[in-house]
Amino acid sequence: MIVWPDFGLPEDAEAAAQQITSAFDRARRGELIEVGCLGGSGRTGTVLACMAVLAGVPSTEAVEWVRAAYRREAVETTDQERWVQWFAEWTRVRR
């Protein structure tokens, strides 16, 4: 579980990025994972956008991709949109 306040950002960005990457890797191996938050839009959409980046969607398109493929309201704040870009850079440096 990622400690992440509603409409906010993860309290520990590094730990959250590692957990998102780990969940994505498990899903690619065929494990079932669950991504969800209370409303299913902001935090869920942000994690899905990060996973889209891991799947090869360009970071500049990931938020719009999730909004089109999952839910129009996904990724609720500008800070969450910027966090997807931070995550993309984090993965580029670490992978």
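Identify, please: which residue in the stretch 76-93 is free of Cβ contacts under 8 Å to residues at least 40 places away in the same chain and closer than 18 Å to T21 by Cα and is, among those, surrounded by the fewest Cβ atoms within 10 Å (Cβ to Cβ)? Give the derivation first.
Taking the stretch 76-93 as the starting set, the residues that turn out to be free of Cβ contacts under 8 Å to residues at least 40 places away in the same chain are 78, 81-82, 84-85, 88-89, 92-93.
With the extra rule that they be closer than 18 Å to T21 by Cα, the set shrinks to 81-82, 84-85, 88-89, 92-93.
Values: E81: 16, R82: 12, V84: 22, Q85: 15, A88: 20, E89: 11, R92: 10, V93: 7.
Step by step, filter the stretch 76-93, then rank; the result is V93.
Taking the stretch 41-57, which residues are aliphatic (A, V, I, L, M) and either part of a helix (DSSP H, G or I) or buried (at least 22 other Cβ atoms within 10 Å of the Cβ) (or both)? Reasoning before the result, please.
So the first thing to find is which residues in the stretch 41-57 are aliphatic (A, V, I, L, M), and the list is 47-49, 51-55, 57.
Result: V47, L48, A49, M51, A52, V53, L54.
Inspect all residues belonging to the stretch 9-31 and state whether any of them is surrounded by 13 or more Cβ atoms within 10 Å (Cβ to Cβ), farther than 21 Å from R92 by Cβ, among the hydrophobic types (A, V, I, L, M, F, W, C) and without any contact (Cβ under 8 Å) to a residue 60 or more places away in the chain. Scanning the stretch 9-31, I find no residue that is surrounded by 13 or more Cβ atoms within 10 Å (Cβ to Cβ), farther than 21 Å from R92 by Cβ, among the hydrophobic types (A, V, I, L, M, F, W, C) and without any contact (Cβ under 8 Å) to a residue 60 or more places away in the chain, so the answer is no. Count of the stretch 58-87 residues, restricted to those that are part of a loop (DSSP other than H, G, I, E, B) and either of a type in the set (S, T, N, Q) or within 16 Å of G36 (Cα to Cα) (or both), is 8.
Just so you know, all these numbers are worked out from the coordinates, no wet-lab data involved. All figures in this text were calculated on a predicted structure; none of them were measured in a lab. So basically every Cβ, Gly included, is an ideal-geometry build from the backbone, and we count neighbours across all protein chains shown.
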